[in-house]
Number of protein chains: 2
Amino acid sequence: MVAIKQVLTIAGSDSGGGAGIQADIKTFQELGVFGTSTITAVTAQNTCGVHGVYPLTVEAVKGQIDAIGADFQLAALKTGMLFNAEIIAETAKGISKYGWKNLVVDPVMIAKGGAVLLQEDALEALRGLLLPLAAVFTPNIPEAEMLSGMEIRNAADRKKAAEKILATGTEAVVIKGGHAKSSAFAEDYYLHQNGETFILRSPWIETEQTHGTGCTFSAALTAELAKGRTMQEALHTAKRFIQAALSHQLHIGAGHGPTNHAAFQRFPEKGRVHLVQ
Amino acid sequence: MVAIKQVLTIAGSDSGGGAGIQADIKTFQELGVFGTSTITAVTAQNTCGVHGVYPLTVEAVKGQIDAIGADFQLAALKTGMLFNAEIIAETAKGISKYGWKNLVVDPVMIAKGGAVLLQEDALEALRGLLLPLAAVFTPNIPEAEMLSGMEIRNAADRKKAAEKILATGTEAVVIKGGHAKSSAFAEDYYLHQNGETFILRSPWIETEQTHGTGCTFSAALTAELAKGRTMQEALHTAKRFIQAALSHQLHIGAGHGPTNHAAFQRFPEKGRVHLVQ
């Protein structure tokens, strides 16, 4: 008998396999945890863009969550694309009902090509219903700006935005630096309700093969939390995982290709991340 | 730059992660190919059964297939749960349109608990539209009985049923022996249009952890065909993969638990399969 931690992703489906529940399932598999899923919306998507979004009904989302809740023992879970306020409300209800802990909330809002993956009225539901349940929230800079209602131009802004985000009730926030293109480093800034703070810094990787980066990072974080790692350890491994996935490129498709989910296991030295305290 | 073969699964989603596109994506990842997917129906499912089925529209299926066709280079693909005649017709149309080769058709019809995963009128569409495009068709014994319209009680019946199935136009068929419980072996019988035939035999594994066995086997077969293996080599590896997955049990959930998709890479000696010619 094999002991394996069980995890859940509540998110959209990416037909192209680089993002969404597909990226999550691949990442979970690579990191040795058992992945289950609740699909909120199916997208017709490839490396060039999102060509169609087909949301599931709230009933279908509830059905999937209840099937998981009735039979699986989750050690951690993540949310990705939740699409609308009703699905967010149902998701939050399910998480509370089953008492699931180690919730990673990744705020999937807008695709690289500009497609809206989270409807406007859903932002309040995300803030008011889901973030109070989160162990950690993982916005990139544009998402952190939207959630905090302020621009982030420097380290002081980033700290202030993180503090504003903590007011929603999330236990911790990590503002990812992958959109700060002028930097020589990709710096992720972490802040916890208890004041704990650090930066994870890695060399900037110049690549167009970035499809699903956010999904993959948050899935790796979920897998590591499921295994009982501390938040700092889990974030460190997740950043090493995505560094390796970005470094060892696959070049699939004509647009922004997927990251390489297998790279971390095969080339762990590609994940170079420094903790700055 | 990493060269990796791209594959597609057109199938249902299993929230429980042991079958459907989730089993396929896990298997593809373990065998080193890049998985994409087209979801035909979302199920609310766990190890105890199927609690809800939410089919996608034909338009959504077409949208996903076209997103894949426009951007990915497929080396092989598989179909699983296609649910109804309209989705089968759209799937066949897409496969012809994009000229996809190495098609593995797994006839997902009825779940272990009895839930209908293929509507009755869909059998004719499967037979008339999809099987003529297949490189290999992978029914278990009850499915082979349904497709051939005859009972299979012994080796002579099995050969006759395979011949009847070849009349649909599929290039080859493998009738899997996993439902012949009286046997000391799990015997898969292969027959090709050109007369090539063999049996793959492995020790019977007594286990209740069989959820997604068929999906996993056909996904492994698809991955190996994508890598350029011959049909005999690909079937041999696929059977070793599922033998390992059944041998090294996870014990997840209260019902028929999922197979262990990671076992073949970690414990390859668990997959013992003999070729009988």
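Structure notes:
- The stretch B:8-26: number of residues that are under 15 Å from the mean Cα position of the chain (by Cα) and facing chain A (nearest Cβ under 9 Å): 8
- Leading residue by the ranking (surrounded by the fewest Cβ atoms within 10 Å (Cβ to Cβ)) among those in the stretch A:71-93 that are touching a Cys at 6+ places or on another chain (Cβ under 9 Å) and under 23 Å from A:GLY228 (Cα atoms): A:ASP71
- Scanning the stretch A:244-254 for residues that are open to solvent by less than 10 Å² (accessible area, probe 1.4 Å) and either under 21 Å from B:VAL7 (Cα atoms) or polar (S, T, N, Q) (or both) returns A:ALA245, A:LEU250, A:ILE252.
- Among the candidates B:ALA162, B:ALA167, B:ALA184, residue that is away from chain A (no Cβ under 14 Å), under 22 Å from B:MET146 (Cα atoms), open to solvent by 20 Å² or more (accessible area, probe 1.4 Å) and free of Cβ contacts under 8 Å to residues at least 40 places away in the same chain: B:ALA167
- Whenever a residue of the stretch B:27-38 is more than 8 Å from chain A (Cβ to nearest Cβ), its partners that are of a type in the set (Ser, Thr, Tyr), lying with C-beta atoms within less than 7 angstrom and at least six residues away or across chains, give the pairs B:THR27/B:THR216.
- In the set (1) at pLDDT 95 or above; (2) surrounded by fewer than 18 Cβ atoms within 10 Å (Cβ to Cβ); (3) more than 13 Å from chain A (Cβ to nearest Cβ); (4) not in a helix (DSSP H, G or I), B:SER96 fails one condition alone, (4).
- Restricting the first member to the stretch A:55-68 and to residues that are facing another protein chain (nearest Cβ under 8 Å), and the second to residues that are assigned to a loop (DSSP other than H, G, I, E, B), the beta-carbon pairs closer than 7 Å and six or more apart or on different chains are A:GLN64/B:SER15; A:ALA67/B:SER15; A:ALA67/B:GLY16; A:ILE68/B:SER15.
- Criterion: surrounded by fewer than 23 Cβ atoms within 10 Å (Cβ to Cβ) and over 17 Å from the mean Cα position of the chain (by Cα) - qualifying residue of A:GLY228, A:GLY178, A:GLY257: A:GLY228
- Given (1) touching a residue at least 40 places away in the same chain (Cβ under 8 Å); (2) open to solvent by 10 Å² or more (accessible area, probe 1.4 Å); (3) touching a Phe, Trp or Tyr at 6+ places or on another chain (Cβ under 6 Å), number of the condition B:VAL105 does not satisfy: (2)
The values are calculated or read from the model by the stated rules, or taken from the named source; none is laboratory data. Here the structure is a predicted model, which means the values were calculated and not measured. With ideal geometry, Cβ positions are generated from the backbone for all residues, glycine too; neighbour counts draw on all protein chains shown. Remember, those area values only see protein heavy atoms, side chains included, never the ligands or the DNA or RNA. Shrake-Rupley method; radii C 1.70, N 1.55, O 1.52, S 1.80 Å.
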